[in-house]
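Chemist: Can you read through this structure? Questions will come right after.
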Amino acid sequence: MSILFKSTEELRKHVSFLYATADFDNLVADIEIATEELIEIVGEEIYKKVRKAYVDGENDGVYVGLIPFFQRAIGLLAYLSYAENTDVSHEESGRKVKLDKDSESLPWEWQIARDDAALRKKANKAIDRLISCLDKQIDIVPEWKDSEQRKGINSLFVKNAKEFNDVVPIDNSRVFYLRVLPMVKLEERNLISYLGSERYESIKEDMVKGELEADDRPIVELCRQIIPLRVMAKAVKRFPVQVLPDGVVTKFTSERQTLKASTPATLEMVNSVSKSYEMDAEALTIDLQGYIASLNSVSSYRRKDTDYRREKFFSV
């Protein structure tokens, strides 16, 4: 795979704590893995354009401006992978730990976990900056605008990280939103069974026009709350705690089951957190069903036409 780095010195511009003596050849595999991880998030076409600008040595243009954003995100992800394998040396007789016993000591497991979490958080922020930069220039970067990652996103009830964050705190993480985007789309489709296909399509058309009917606004608002809750109920089960946003991790309240602890969250704790999201979503779903039922009741009501000339009246 073609990468965006040629030397350790170039990598250290974005990962300053990497030692200058680090062998670049030993870093290449981790850079390639990190590049693949980023491509899964932003798409391959935009990466190819940035890579071409890097190879061609262009001095202007939007893709040249994106190079450092890509390099920083990839560099941090690569270092995280690299550091995990260099904590011990791999030798013919097995794995070893080499220390200067007079001035060095092994870190505690919780210290390594905390450092890994800090590196992951820094890498995610770098990816968020990249996505933010792409969003600001979306009209002149068709590879991003038309990417699979963004296809159909503007027509969703929950179409960005901010709207998701308004319901479930995810630190406004664009990268996390893109990770769960397939779940967002799935949960929206699941709501059609409550809304009905005709009403769903009508609301979608009105959203595109920016002309929502007054009766439909509460439906959209309820859907925008239900979807993030349902998504998180699944996400906490499928993703490791280490990659969840801090706002979600706070749900794991046990001291031994937090991100910074050495003991991973138990299945019981994960199920408990997931259940709390499911219960909140279910309560809102009941509200949605009740509201739609009230609309159907009103729309199905027809005043009886009466010909009073044929009615018989009497007085007392």
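Chemist: Taking the stretch 140-172, which GluC sites (Glu not before Pro) meet the DSSP loop condition and have no more than 11 other C-beta atoms within 10 Å?
Modeler: Those that pass, being in a loop and sparsely packed, are E148.
Chemist: Out of the trypsin sites (Lys or Arg not before Pro) in the stretch 1-52, which ones are loop residues according to DSSP with at most 11 other C-beta atoms within 10 Å?
Modeler: Those that pass, being in a loop and sparsely packed, are K6.
Chemist: Follow-up question, since we're still on this one. How big is the convex hull of the Cα atoms of the stretch 152-299, per residue, in Å³?
Modeler: 102 Å³
Chemist: Still on this structure, I have one more. What does the charge count around P218 come to, taking other residues whose C-beta lies under 13 Å from its C-beta (Lys +1, Arg +1, Asp -1, Glu -1)?
Modeler: Net charge in that neighbourhood comes out at -2.
Chemist: Report, in listed order, any pair from K159/K185; K13/K125; K6/K136; K151/K234 with a Cα-Cα distance greater than 19 Å.
Modeler: K6/K136; K151/K234
Chemist: Just flag the chymotrypsin sites (Phe, Trp or Tyr not before Pro) in the stretch 1-70 sitting in loop per DSSP whose Cβ has no more than 12 other Cβ atoms within 10 Å.
Modeler: The qualifying sites are F17, Y19.
Chemist: Using the count of nearby Cβ atoms within 10 Å as a rough guide to exposure, how do M207, M279 rank from fewest to most?
Modeler: Listed from fewest to most nearby Cβ atoms, that is M279, M207.
Each reported figure results from applying straightforward, stated rules to the coordinates on display, with no laboratory input. Just so it is clear, the structure is predicted and the values come from calculations on it, not from any experiment. Virtual Cβ from ideal backbone geometry, glycine too; neighbours counted across all protein chains shown.
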